[in-house]
Amino acid sequence: MPSGCLTLFIINKAGGLIYTRHFSQDIAPLNVNECLRLASTFHSMHAIAGRLTPVGQPTGIETLEADNFRLECFQSPTGIKFLMLAEPKVVALDSLLKQIYVIFSDYVLKNPFYELDMPVQCDLFNIKVDALVQSK
């Protein structure tokens with residue numbers, strides 16, 4: 001997949017991992033425990049960073065850049081966090097995450113069988129997210 005996006009994580013407002021999607025065929029995906037650990041650690045760091053903001057609206061961590069990866073976060077108005085782990089060269093992840101949030105709202109939150117804060121298991125959501133990431 002040429003997009004450079006590696007993994008999508010969705011974390012509920014309590015810090016629980018409710019969705020993970022791996023996009024890279026070249027890199028082995030994280031195992032379940034690593035994904036859970038990453039989600040809870042990021043949730044805690046995001047909350048602490050929001051408290052430490054000296055001026056303005058506290059937003060927490062939005063982007064984490066390293067030599068080998070880039071982690072971008074979009075927090076919805078309801079507190080759900082959308083994280084994308086990507087290669088460092090990838091830009092405009094914030095707009096991609098906002099588009100994923102719109103898809104999430106349409107295919108998960110409007111699904112009458114979905115219970116809030118529970119793991120997401122929706123095939124249409126998977127298909128739409130895959131198509132969006134492939135198109136970028």
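The values are calculated or read from the model by the stated rules, or taken from the named source; none is laboratory data. Because the structure is predicted, anything quoted here is derived from the model rather than measured. Cβ placement follows ideal geometry from the backbone for every residue including glycine, while neighbour counts extend to all protein chains displayed. Ligands, DNA and RNA are stripped out before the accessible areas are found, and what is left, the full protein with its side chains, is counted by its heavy atoms. Shrake-Rupley method; radii C 1.70, N 1.55, O 1.52, S 1.80 Å.
Structure notes:
- Reachable lysines from K81, criterion Cα separation under 21 angstrom, eight or more residues apart if same chain: K13, K98, K110, K128, K136
- The residues of the chain expose on average 59 square angstrom of accessible surface per residue, using a 1.4 Å probe on protein heavy atoms.
- Between L52 and K98, the modelled labels are 2.7 nm apart [label points 7 Å from Cα along Cα→Cβ].
- Theoretical ellipticity at 222 nm over the chain - DSSP helices of four or more residues, -39500 (n - 2.57) apiece, nearest 500: -11000 deg cm²/dmol
- Available extension along the chain between Q134 and D106 is 8.2 nm, counting 0.36 nm per residue and deducting the alpha carbon span.
- Mean Cβ count within 10 Å, highest first, over the residues of peptides 51-59, 106-114, 19-27: 19-27, 106-114, 51-59
- With the simple model of a label 7 Å out from the Cα in the direction of the Cβ, S44 to V32 spans 2.2 nm.
- With the charge dipole of the chain set up from +1 on Lys and Arg Cβ and -1 on Asp and Glu Cβ about the Cα centre, the Cα lying farthest toward the positive end among the listed residues V32, F113, L52 is that of L52.
- Measuring nothing but protein heavy atoms, the accessible surface of the chain at 1.4 Å probe radius is 55 percent carbon and sulfur.
- Karplus (6.51, -1.76, 1.60) ³J(HN,Hα), θ = phi - 60°, over the stretch 120-136, in Hz, Gly and Pro reported as x: 8, 9, 9, 4, 4, 4, 4, 4, 5, 5, 4, 5, 5, 5, 5, 6, 8
- Additional length obtainable on full extension of the chain from N126 to Y114, 0.36 nm per residue less Cα span: 2.9 nm
- Rh (Kirkwood; distinct C-alpha pairs) - the stretch 57-136, Å: 13.7 Å
- Cα-based equivalent ellipsoid of the chain: semi-axis lengths in Å, sorted from largest, via gyration tensor: 21, 19, 14
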